[in-house]
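Input: a single structure, listed below in structure tokens.
The values are calculated or read from the model by the stated rules, or taken from the named source; none is laboratory data. All values derive from a computational prediction rather than experimental measurement. Neighbour counts run over all protein chains shown; Cβ positions are idealised from the backbone, glycine included.
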Amino acid sequence: MKDIFISRTNDHDKFANNLNKRYLKDKIFDRLDISNIGYDFGYSDFIIIFWHKHCLFVDMKHFLLALFAIAGMSTLKADDTTKQKTATLPSVMVKKLDGTSVNIQDYGKMGKITIISFWATWCGPCIKELDNISELYPEWQKKYNLQLVAVSIDDSRNIPKIPTVVNGKGWDYTILTDENKDLARALNVNNPPQTILLDEKGNIVYVHNGYVEGNEYELEEQIKKLIK
């Protein structure tokens, strides 16, 4: 028998008889003698797990605890794998405001801490975040040797508005456009604002979606962790 069979029962003798009738005729099992297995049906039902020539009895409580333990270990292993695998920027072409194309990966190879901020001209929280960071940006550049790359996901109709917004705000950021949202899709950005922090080697070390007043200070705390 290839598949593991799991049965829940509170009738010891009925299960034994049904098991032997069902499987002995196909010579899948030798006759199972389960008369000496200790049990207490007043405590909980049994879970019977059996496969070829093996039979295991556990009570419901311990069966569920075992399942949770296995699930927890699996999750932990998955988390460990994620932590061990270093993510970097994908190779995706975006554009500068003058229309020239550039690979976003280039900004992860400049030996600087880099903030990638996804925004749009129609996104109020995006504008607020970039405004508030702008007040801190000159100090951050000096203290942390960093750069901020603001990637607009505006469509072709709104791209002409970008220079007006940027110049009006006096933002001293590198401004790029992701008109077709190729980069946004590659980085699983659904709605702006979304902030991605890279260390000096171009590894993605922090991702934050959305903005509320004061998030820029949490971002700075993440930046400080990268300073050796």
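Residue under question is GLU221, and the condition is that it be touching a Lys or Arg at 6+ places or on another chain (Cβ under 8 Å) and among the charged types (D, E, K, R); does it hold?
Spelling it out, it is not the case that GLU221 is touching a Lys or Arg at 6+ places or on another chain (Cβ under 8 Å) and among the charged types (D, E, K, R).
For LEU176, are the conditions met, namely being within 19 Å of the chain's Cα centre (by Cα) and not basic (Lys, Arg)?
No.
Across region 86-100, which residue is surrounded by the most Cβ atoms within 10 Å (Cβ to Cβ) among those that are of a type in the set (Gly, Ala, Ser) and farther than 14 Å from VAL151 by Cα?
Among those that are of a type in the set (Gly, Ala, Ser) and farther than 14 Å from VAL151 by Cα, it is ALA87.
Which ones in region 185-200 are among the charged types (D, E, K, R) and in contact (Cβ under 8 Å) with a residue 40 or more places away in the chain?
Passing the criteria: ASP199, GLU200.
Residues of region 176-193 being buried (at least 18 other Cβ atoms within 10 Å of the Cβ) and out of contact with any Gly (no Cβ under 8 Å at 6 or more places or on another chain), which ones?
If the condition is that a residue be buried (at least 18 other Cβ atoms within 10 Å of the Cβ) and out of contact with any Gly (no Cβ under 8 Å at 6 or more places or on another chain), then LEU176, THR177, ASP178, LEU183, ALA184, LEU187, VAL189, PRO192 are the ones that fit.
Does region 151-165 hold any residues that are over 18 Å from GLN194 (Cβ atoms) and either touching a residue at least 60 places away in the same chain (Cβ under 8 Å) or loosely packed, with under 10 Cβ neighbours inside 10 Å (or both), and which are they?
Selection gives SER156, ARG157, PRO163.
Would you mind finding the one in GLU213, GLU139, GLU220 that is of a type outside the set (A, V, I, L, M, F, W, C), without any contact (Cβ under 8 Å) to a residue 12 or more places away in the chain and either more than 28 Å from SER101 (Cβ to Cβ) or not assigned by TED's automatic domain parsing to the domain that holds VAL102 (or both)?
Going through GLU213, GLU139, GLU220 in turn, the sole match is GLU139.
Every residue in region 124-143 that is over 24 Å from the mean Cα position of the chain (by Cα) and closer than 25 Å to ILE159 by Cβ, please.
GLY124, ILE127, LYS128, LEU130, ASP131, ASN132, ILE133, SER134, TYR137
Which ones in region 165-193 are among the basic types (Lys, Arg) and under 20 Å from GLY99 (Cα atoms)?
Answer for region 165-193, where residues must be among the basic types (Lys, Arg) and under 20 Å from GLY99 (Cα atoms): just LYS181.
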